[in-house]
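Visitor: Quick one: structure below, then a few questions.
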Amino acid sequence: MPVVEVHQLRKAYRRRGRRGLPSRERRSALDGLDLVVADGGVHGFLGPNGSGKTTTLRILLGLVRADAGEVRLLDNAVPAGLDRVVGGVGALIEAPQFFPVFTGRRNLELLAGVAGLPRQRVAEVLSQVGLAGRADDRVKAYSLGMRQRLGIAAALLKRPRLLVLDEPTNGLDPAGMREVRELLRSLGRRGVTVLLSSHLLAEVEQVCDAVTIVANGRTVVSGSVREVLASASGGGRLRVVVEHAAQAAAVLRAGGLAVTEDAGALLVTGAEDPATVSRLLGEQGLWLRELQPEHVDLEDAFLALTGAATEGVR
């Protein structure tokens, strides 16, 4: 049974009119979005700014009510059954909020007390996120990255079955990002399902087992990272270097392959087996100088699938 199931989710907000007052005009944030997150592992949730990611996460957690659609969390309808599953869900949505004059440890002890959790759990999660050495410093002395780690620690207090994280590496230095990446991998291996929203595509590619990309409030593609990369590259793209490029391109197109020219090379898609390219060219006396698969990373896939500029990602 999937941990998260979202079907045809819709949500619109009233636009601001003159003097900041709501107008009758409505802006669609979600327009039939679908999302399925399997049990276990790390699932990336990506989309351009304004694509509906944060709205979706807030609906999942009962913080916003959807206009239409079906939402199930740990096999319970949301929001009707949220009280039955909230104990198994940890979340960090947007910037975490803590009492700045209290220590990191004291903040977590207060949260643990409200949730009825043992105090020793506080020390465990502080160690997990690398804050054991600064646990007794006041939060107002924490850097932004340290506050993010404290937020993740708070989300882990309940030993959640599902962990929902919105930009968890915000403000972290490279070492801190690596620590969080390793933590998320470890949680995924231990059976915790992590739903991760992030704009750091290289980080997502390294840590995620599956990914869903959304744009304009709709799902563009969803699947394993390998499947998503393949879909963006048309099932795999080959870089071909041959002496008579124009003649070779004509031969490959006649063989049913898509060909574009790039800096003296041919980029070929549609060939399930590279041997198809060498056979088609060889039959016409055209011999390869170079034939290699072209690597498509998650950033390339994202831009190809959404048409978004890099600075528009969040």
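The values are calculated or read from the model by the stated rules, or taken from the named source; none is laboratory data. Bear in mind that the values here come from a model prediction, so they are computed numbers and not experimental data. Cβ: placed from backbone, ideal geometry, glycine included. Neighbour counts: every protein chain shown. Protein only, heavy atoms only, side chains kept; ligands, DNA and RNA dropped before computing areas. Shrake-Rupley method; radii C 1.70, N 1.55, O 1.52, S 1.80 Å.
Visitor: With N residues in the stretch 31-151, what two-decimal value do you get for its Cα radius of gyration over 2.2 N^0.38 Å?
Guide: 1.23
Visitor: Compute the length gained on full extension between residue 39 and residue 84: take 0.36 nm times their separation in residues and subtract their Cα-Cα distance, giving the result in nm to one decimal.
Guide: 14.4 nm
Visitor: Here's something else I'd like to know. Within straight cross-link reach of residue 11, meaning Cα distance under 17 Å, which aspartates and glutamates are found once same-chain residues fewer than 8 apart are removed?
Guide: Straight-line reach from residue 11, under 17 Å: 25, 31, 34, 67, 70.
Visitor: Next question, about the same structure. So which residue, out of 80, 91, 250, gets the largest mean-square fluctuation from a GNM of the chain using Cα contacts under 10 Å as springs?
Guide: Comparing 80, 91, 250 in a Gaussian network model of the chain, the most mobile one is 250.
Visitor: Which FRET efficiency value, to the nearest 0.05, is calculated for residue 224 and residue 246 with the Förster distance at 45 angstrom and r the Cβ-Cβ distance? Provide the component values of the computation, followed by the final result.
Guide: Working: r = 38 Å, r/R0 = 0.84.
Computed FRET efficiency for residue 224 and residue 246: 0.75.
Visitor: Moving to a separate point now. Give me the accessible area per residue for the chain, probe 1.4 Å, as a whole number in Å².
Guide: 51 Å²
Visitor: Please report the net charge: other residues with Cβ closer than 15 Å to the Cβ of residue 87, K and R +1, D and E -1.
Guide: +3
Visitor: Let me ask another. Given a 1.4 Å probe and every protein chain left where it sits, what share in percent of the accessible area of the stretch 191-283 is carbon and sulfur?
Guide: Numbers: 2000 of 4190 Å².
It is 48 percent, rounded to a whole number.
Visitor: Roughly how many debye, to the nearest 20, is the charge dipole of the stretch 59-122 about its Cα centre, given +1 on each Lys and Arg Cβ, -1 on each Asp and Glu Cβ, and no other charges?
Guide: Values: 7 positive and 6 negative charges, 78 e Å.
For this selection, approximately 380 debye.
Visitor: Among 44, 116, 188, whose mean-square fluctuation peaks in a Gaussian network model of the chain (Cα, cutoff 10 Å)?
Guide: Checking each option, the largest mean-square fluctuation is seen for 116.
Visitor: With a ≥ b ≥ c taken as the square roots of the eigenvalues of the C-alpha gyration tensor of the stretch 119-173, please select rounded if a/c is under 1.5 and otherwise prolate if a/b is larger than b/c or oblate if it is not? Intermediate results must be reported in sequence, preceding the final value.
Guide: Working: a/c = 2.27, a/b = 1.12, b/c = 2.03.
Cα axes put the stretch 119-173 in the oblate bin.
Visitor: Sticking with the crude label model, points 7 Å out along Cα→Cβ, report the distance from residue 209 to residue 299 in nm, one decimal please.
Guide: Placing both labels 7 Å beyond Cα along the Cβ direction yields 2.7 nm.
Visitor: Give me the dipole magnitude in Debye, nearest 20, for the stretch 15-150 about the Cα centre, with unit charges on the beta carbon: positive for Lys and Arg, negative for Asp and Glu.
Guide: Roughly 820 debye, rounded to the nearest 20.
Visitor: Now a separate question. Per 5 Å bin, what percent of the C-alpha pairs of the stretch 119-211 does each bin hold, from zero upward?
Guide: Bins of 5 Å from zero give 3, 13, 26, 27, 18, 9, 3, 0 percent of pairs.
Visitor: Looking at the stretch 181-295, I'd like the Rg to Rh ratio, where Rg is from alpha-carbon atoms and Rh is Kirkwood's inverse mean 1/r.
Guide: On the way: Rg = 18.9 Å, Rh = 16.6 Å.
Here the Rg-to-Rh quotient is 1.14.
Visitor: Can you tell me how the chain classifies by the Cα gyration tensor, rounded, prolate or oblate, using a/c under 1.5 as the rounded cut?
Guide: prolate
Visitor: Where the only charges are on Cβ atoms (+1 Lys, Arg; -1 Asp, Glu), what is the dipole of the chain about its Cα centre, to the nearest 20 debye?
Guide: 1920 debye
Visitor: Based on alpha-carbon positions alone, could you give the equivalent ellipsoid semi-axes of the stretch 45-98 from the gyration tensor, as √(5λ), descending, whole Å?
Guide: Each semi-axis is √(5λ); the values are 19, 16, 9 Å.
Visitor: Also, I was wondering about something else. What is the sum of charges, Lys and Arg at +1 and Asp and Glu at -1, for the other residues whose Cβ falls under 15 Å from the Cβ of residue 34?
Guide: Details: positive: 10, 11, 53, 72, 218; negative: 5, 31, 70.
With Lys, Arg at +1 and Asp, Glu at -1, the neighbours total +2.
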